[in-house]
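Step one of this worksheet: look at the structure below.
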Protein chains: 6
Amino acid sequence: MLLDSGCTAIAYETITDSLGNLPLLAPMSAIAGRMAIHVAAYSLHKNSGGSGILFGGVPGTQPAKVLIVGGGVVGTNAAQMGIGLGSDVTVIDKNMSRLRYLDEIFGSRLKTCYATLDSIEEFAVEADVVVGAVLIPGSTSPKLINRTTISKMKPGSVIVDVAIDQGGCFETSKATTHDSPTYLYENIVHYCVANMPGAVAKTSAFALNNVTLQFVLNLADKGLKEASYDNSHLRQGLNIHAGKLTSLAVAKAQNKQFIPVLDAI
Amino acid sequence: MLLDSGCTAIAYETITDSLGNLPLLAPMSAIAGRMAIHVAAYSLHKNSGGSGILFGGVPGTQPAKVLIVGGGVVGTNAAQMGIGLGSDVTVIDKNMSRLRYLDEIFGSRLKTCYATLDSIEEFAVEADVVVGAVLIPGSTSPKLINRTTISKMKPGSVIVDVAIDQGGCFETSKATTHDSPTYLYENIVHYCVANMPGAVAKTSAFALNNVTLQFVLNLADKGLKEASYDNSHLRQGLNIHAGKLTSLAVAKAQNKQFIPVLDAI
Amino acid sequence: MLLDSGCTAIAYETITDSLGNLPLLAPMSAIAGRMAIHVAAYSLHKNSGGSGILFGGVPGTQPAKVLIVGGGVVGTNAAQMGIGLGSDVTVIDKNMSRLRYLDEIFGSRLKTCYATLDSIEEFAVEADVVVGAVLIPGSTSPKLINRTTISKMKPGSVIVDVAIDQGGCFETSKATTHDSPTYLYENIVHYCVANMPGAVAKTSAFALNNVTLQFVLNLADKGLKEASYDNSHLRQGLNIHAGKLTSLAVAKAQNKQFIPVLDAI
Amino acid sequence: MLLDSGCTAIAYETITDSLGNLPLLAPMSAIAGRMAIHVAAYSLHKNSGGSGILFGGVPGTQPAKVLIVGGGVVGTNAAQMGIGLGSDVTVIDKNMSRLRYLDEIFGSRLKTCYATLDSIEEFAVEADVVVGAVLIPGSTSPKLINRTTISKMKPGSVIVDVAIDQGGCFETSKATTHDSPTYLYENIVHYCVANMPGAVAKTSAFALNNVTLQFVLNLADKGLKEASYDNSHLRQGLNIHAGKLTSLAVAKAQNKQFIPVLDAI
Amino acid sequence: MLLDSGCTAIAYETITDSLGNLPLLAPMSAIAGRMAIHVAAYSLHKNSGGSGILFGGVPGTQPAKVLIVGGGVVGTNAAQMGIGLGSDVTVIDKNMSRLRYLDEIFGSRLKTCYATLDSIEEFAVEADVVVGAVLIPGSTSPKLINRTTISKMKPGSVIVDVAIDQGGCFETSKATTHDSPTYLYENIVHYCVANMPGAVAKTSAFALNNVTLQFVLNLADKGLKEASYDNSHLRQGLNIHAGKLTSLAVAKAQNKQFIPVLDAI
Amino acid sequence: MLLDSGCTAIAYETITDSLGNLPLLAPMSAIAGRMAIHVAAYSLHKNSGGSGILFGGVPGTQPAKVLIVGGGVVGTNAAQMGIGLGSDVTVIDKNMSRLRYLDEIFGSRLKTCYATLDSIEEFAVEADVVVGAVLIPGSTSPKLINRTTISKMKPGSVIVDVAIDQGGCFETSKATTHDSPTYLYENIVHYCVANMPGAVAKTSAFALNNVTLQFVLNLADKGLKEASYDNSHLRQGLNIHAGKLTSLAVAKAQNKQFIPVLDAI
């Protein structure tokens, strides 16, 4: 077990920034959001079990209807790509300020919708592609789209569950791999690959280095102790040190003793 | 009667250009196409009998679905304005080259559809606004949308019949005036104002002067005879001269004697 | 009187959000801002008494010059639509950060101007359309454009006073209705309809539901007392309860006794 | 053999339009051009053998460099999608008018380059993706990119050979299938699927119907003989009738007797 | 003299293409049109004698008003750059089809105006920058803007005369050089550099090579005689051969004997 | 010396706003950022010693590669103009949130890169133009690009050092003037004009008035004492009063006695 090893463990996903966000997660969310559209376009092909619709259509035919559930980093990046490929994109979210912002930057190229269980279902059953982009940091994703809704969708439609690493936000999702990325359930193509960014390892490595570099330099320059004292954001990431559990959340979840970072180092 | 008056009559609508188009009609078509969207937005208001949908919606709500039947000058101008107001616009036409061009200049902001009687009906019954923009120069407009389709449209939807001056392209259209521009039929708001550009007289006058000026200068500089010899496009517009009928089309239609322009002047 | 009725009164317009904004007013402002452009385009028509300019012009003619006084939610939405229709839009405001943001998202399609009494007058007398979009929450609108400036405007120009519900920001504004929306004063078309969003009741209802739903669910789930304790934003909206006046502002304005919400419930 | 069967054979690919183009090929070219970008994005993934670059990158990382060889229908559609996904697209062509048009409609989002053997090689070896989009109707594609150039490209780069149905425009291309779409050669991922539009059968069917419908109606209304007399474009498509070879090109290529359509029917 | 030298002289500016255009002039026009905006922005600086306006302004201030006289290749390229820098651009032209096309591709970012002597003057006196972009191939430019209009322009405004190589289209223009590019006349900064593209020699060389290469290869492959027989466009460029004058236009202008190319070679 | 004069000195550059920014510096940064692109385009000309590349290229040739070091106000404005002129722009910065925002508003028209010493060098040596846009308020600019990197750049490339007023961010920069704006060093054109906005004095004056006016009115209305009490932002700007040094930073730097504003007035 990690505690017994005596190691110092810093978790990317709990490092914060001055706005309270999780800056080391953002690039992976951006990558997954953009990839979601690539793989959706590909999964609509007949040989993936899809309906055989071309994502953006061609003049004289209809483009795919795309529903993006969640307008955060994942959803915004998915929307940008979906619009770019010429599809008919709707972003659905409960955060009205966010929808207003998306409307300001994308204008008439994007539709937005306020999220209720009813509106999610209504749009999902009309959609050719649904991207599940609701991630709640540090907790299991809510099941926003249930089996019944899935069963009402048009055969050959595609769902991409970007939240699969946290349990998924479709009731019918099960994690898949890059080698066998999709399965059919109720005639709906499910793309539920865990660790989506792994497929674009080169971009992912650069994107992650960009955000971690300052912390690495901080540690290298000052050593763990001083760096932890000086940088509260880094400190939020320090979960284990010298056999002590310094993450309150983990301590509570595992019913173990919690020792604050500044006492532990 | 005009013939007896001995006047020289030049008809704007039969003057041609080097591409075989009718350049003196184009500006009025552009104006009518753009106005069609203004008046559609206004006619959707409750107090016009409309469904009370805001044309472009606001973040979190759905914009109006707009079907533009015909992708020529009228339709292109209507599309440009409809997109500008943030609505969900589809242009339907049989001319695939035209649809491809519209796709190239408007990209993902516009949908296009190939026109068949079926596809027109299918889109019309889903639309909040239908703009009839099919004008066949010198002939009566085809009735592209019939009473049955109108009766299947959503109550409070709006039709704008830009072709009303040539008989209209909706079966249920009857010409109206700027003072009383709309009527309800089958709960559909009908905007069928004859001479739409009259409402924006200032812009119309400038737009028309822009295209007629060269012909006026030609006549003023050279006199009718020489101008007619030199300028075959102007000659196409000369319908009556000194009691002689110089338009073949009119002569046939009225079963009168036709005398070529160059013999008449 | 409301106090005597013993009712519990929650005012939409005093509910806050975490940024100190008034989230239940924003959707109505967005609607009014967008409608302002529709009605301005319509009011420029000759039969409304307007100058007969087509809002966005057509190739070869000049578009309308539009001045939007105020770059908040109303003004931003009006700008988005005004640009979309191809007019020549200037937003005038004293908030430079806001002007910079508008410049970033609209780029070369929008002009911005710093607001002084002089600059407002200078632009107003050149404009074909002036939209008054300055609303100060909970107080009377300042009269930014006075009678003298109005009298210098071009005949047939249009003003749209979106602030009319709070007294209006033109000195010459008087509230009108959707049935008789405009009047001429000094040859300027005044559109001063109170409750503009009423004309698009369907969109307004959805937009309002989107922002109120969470508060309604909160009340339904927890009851008034617990919801008020837990949700400080909702608490800001609770103005009257069980015969007690719980709004400090109202109490002051009416010189009545003020009782804090948490004491009253 | 077809001739012996006595059938009447109309070839889609030789029907013309009034501009001398081949209108029944255009929709398939548009589809293949758009798909080329989808499959390129997918083929860059590690598990396809690609370099692991995300097609459009994310903020802070570099997008893929995309070279599109040919700026016709295929290339324009590929460019539109490549730009939409945020990649760094260059279209290379010898037709300067075409490059100018692409510059006018795509502006600063697209780079264009004049095609010479040198410039093609220079850009290809720098590219992450090369789309071969040069189709010469009725003849074998020229091999624009040879084995040597391919061997200089960066490992893990992707080529998509849209011209594979006519022999391909990369020297190293061999036709593949939708079930096994790519192979590695010199560490370059080759996507060379014959009949690309087959994967999006639904969109392809609609797109093809849109352009063929008028000819079908023509034949149904008038019968073969009259339709062939009246419609010279349809006549160009009529290759075999009643055991006679009515296509001059095929007759020459196969050294058989040619009989003009109007003599044969 | 050239004739006596016995040389074969091919003139770039008389080579045609299949549309009757002069393809070897187009790239230089594109370069000059784009440069016109760079140098105008620079010439507005105080130390060039300009009015000290920033070309595109900054938020809260007004951008330069730019009038582009002529909407051909020069004018379109100038418009594209002027819009890109955020200025308020109007293109003025007599060709309505061209104005319509510019409106379609630039939308609400560009204003267009029909050219008359009156409208040119009206816009010029309001402008901060006027670009003269009217070139009539093979003839002297018309003086579209006369001394009187220049004298009414605002002090410190800038004119850029792209037509100076053909005599200029401002009455007050005199050719200048890249080393001393501007002079003040009536307080207006005149930029009238002959051979503008010379300043960007690298881009000019590539652009010119792109369009001449095919003719050079043609000559190299086939020799002059066969190339002239086969390629009518090249033939239009052949003005002198073996002491014979093969250009009809030059022969007429100089009152010399004309010998057709095909007789001379 | 200022202190002895007994004057009251208010420094524009230390007045703050509610976000902690320096609002009186922002307009000059915006101006300098936009001008940086104008002067870069001009400095690329042969007669300035530049490489002779046209900033945005023309169809068929390559545009300039532009590296903007710093994505703040200066860099964002430079990027907007650089994109507008059709060049290939990369913004490099360490602030990932800022890069994400730039990506959202500019989309596929802009590239962004995370700043490290390595990445800055790598992009600089490939660039045709490098804009140094890193200003650290109240301190000397860091030398982000050193002599070695400059010596590796392509001959005729251009650097614009917007930070020259604070010492410059290129190691080889020396301040120049508007009359002699550039010098060659290692064959690189250096544009290092101090007080760039001086060249566009008219726009600069308006832009500065826009942001200072409220403080001037404040002082005029209330007098220094009351204005200083009421307005903490103004107070931050008050550096000297009645012989007392009221700026802590200046007092420290000059080792003099510091007296708080509220004690001094």
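The values are calculated or read from the model by the stated rules, or taken from the named source; none is laboratory data. The structure presented is a predicted model; accordingly, all values stated were derived computationally and were not measured. Every residue, glycine among them, receives a Cβ derived from its backbone with ideal geometry; neighbour counts consider all protein chains shown. Side chains are part of the model used for accessible areas, which takes the heavy atoms of the whole protein and leaves out ligands, DNA and RNA. Shrake-Rupley method; radii C 1.70, N 1.55, O 1.52, S 1.80 Å.
Yes/no per residue for (1) touching a Phe, Trp or Tyr at 6+ places or on another chain (Cβ under 6 Å); (2) small (Gly, Ala, Ser); (3) closer than 30 Å to F:Gly84 by Cα:
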{"position": "C:Leu25", "(1), (2), (3)": "no, no, no"}
{"position": "C:Val39", "(1), (2), (3)": "yes, no, no"}
{"position": "C:Asn47", "(1), (2), (3)": "no, no, no"}
{"position": "C:Ile53", "(1), (2), (3)": "no, no, no"}
{"position": "C:Gly56", "(1), (2), (3)": "no, yes, yes"}
{"position": "C:Lys65", "(1), (2), (3)": "no, no, yes"}
{"position": "C:Gly84", "(1), (2), (3)": "no, yes, yes"}
{"position": "C:Leu102", "(1), (2), (3)": "no, no, yes"}
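Exactly one residue out of F:Asp103, F:Asp128 is modelled with pLDDT of 95 or more, within 14 Å of chain E (Cβ to nearest Cβ), under 22 Å from D:Lys65 (Cα atoms) and in contact with a Pro (Cβ under 9 Å, 6 or more places away or on another chain): that is F:Asp128.
Where helices (runs of 4 or more DSSP H) fall entirely within segment C:153-265, those with at least 3 residues that are within 26 Å of C:Leu135 (Cβ to Cβ) are at C:201-230, C:232-237, C:248-254. Within segment D:110-120, the set of residues being part of a helix (DSSP H, G or I) and within 12 Å of chain E (Cβ to nearest Cβ) comprises D:Leu117, D:Asp118, D:Ser119. Within segment A:121-152, the set of residues being open to solvent by 10 Å² or more (accessible area, probe 1.4 Å), in contact (Cβ under 8 Å) with a residue 40 or more places away in the chain and part of a helix (DSSP H, G or I) comprises A:Phe123, A:Glu126.
A Cβ distance below 7 Å, combined with a sequence gap of six or more or placement on separate chains, defines the contacts here; from segment E:213-241, residues that are free of Cβ contacts under 8 Å to residues at least 12 places away in the same chain reach residues that are acidic (Asp, Glu) and part of a helix (DSSP H, G or I) in the pairs E:Lys222/E:Asp230.
Residue-wise test of (1) farther than 30 Å from E:Ala78 by Cβ; (2) at pLDDT 95 or above; (3) surrounded by fewer than 21 Cβ atoms within 10 Å (Cβ to Cβ).
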| residue | (1), (2), (3) |
| --- | --- |
| E:Thr176 | no, yes, yes |
| E:Thr203 | no, yes, no |
| E:Asn210 | no, no, no |
| E:Leu224 | yes, no, yes |
| E:His241 | yes, no, no |
| E:Leu245 | yes, no, yes |
| E:Val250 | yes, no, yes |
| E:Gln257 | yes, no, yes |
| E:Asp263 | yes, no, yes |
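For segment D:43-54, the candidate set comprises residues that are facing chain A (nearest Cβ under 9 Å) and not polar (S, T, N, Q); within that set, the residue that is surrounded by the fewest Cβ atoms within 10 Å (Cβ to Cβ) is D:Lys46.
Within segment D:87-109, track down each residue that is part of a helix (DSSP H, G or I) and open to solvent by less than 10 Å² (accessible area, probe 1.4 Å).
D:Leu99, D:Leu102
Per the listing E:Ala40, E:Ala36, E:Ala32, E:Ala64, the residue uniquely open to solvent by less than 30 Å² (accessible area, probe 1.4 Å) and either among the basic types (Lys, Arg) or more than 27 Å from C:Asp103 (Cα to Cα) (or both) is E:Ala32. Selection over segment A:8-29 of residues that are crowded, with 17+ Cβ neighbours inside 10 Å, more than 12 Å from chain D (Cβ to nearest Cβ) and assigned to a helix (DSSP H, G or I) gives a count of 1. For segment B:153-174, a residue qualifies if it is farther than 20 Å from C:Ala199 by Cβ and open to solvent by 70 Å² or more (accessible area, probe 1.4 Å), and the qualifying residues are B:Asp165, B:Glu171, B:Lys174.
Checking the structure you have, find out if any residue of segment F:233-240 is on the phi > 0 side of the Ramachandran plot, more than 14 Å from chain C (Cβ to nearest Cβ) and not basic (Lys, Arg). Checked against the condition, which is being on the phi > 0 side of the Ramachandran plot, more than 14 Å from chain C (Cβ to nearest Cβ) and not basic (Lys, Arg), segment F:233-240 yields no hits at all. Is it the case that A:Gln166 is closer than 27 Å to A:Gly49 by Cα and either within 14 Å of chain D (Cβ to nearest Cβ) or of a type in the set (D, E, K, R) (or both)? No, not satisfied.
Scanning segment D:226-237 for residues that are open to solvent by less than 80 Å² (accessible area, probe 1.4 Å) and either out of contact with any Ser or Thr (no Cβ under 7 Å at 6 or more places or on another chain) or not basic (Lys, Arg) (or both) yields D:Ala227, D:Ser228, D:Asn231, D:Ser232, D:His233, D:Leu234, D:Gly237. Checking each residue in segment C:75-86 for being of a type outside the set (Gly, Ala, Ser) and open to solvent by 10 Å² or more (accessible area, probe 1.4 Å) picks out C:Asn77, C:Gln80.
Look at (1) modelled with pLDDT of 95 or more; (2) more than 9 Å from every other protein chain (Cβ to nearest Cβ) and you find that C:Asn95 fails only one, number (1).
Looking at D:Gly57, D:Gly70, just one residue is at the interface with another protein chain (Cβ under 7 Å from one of its Cβ atoms), buried (at least 24 other Cβ atoms within 10 Å of the Cβ) and touching a residue at least 12 places away in the same chain (Cβ under 8 Å), and that residue is D:Gly57.
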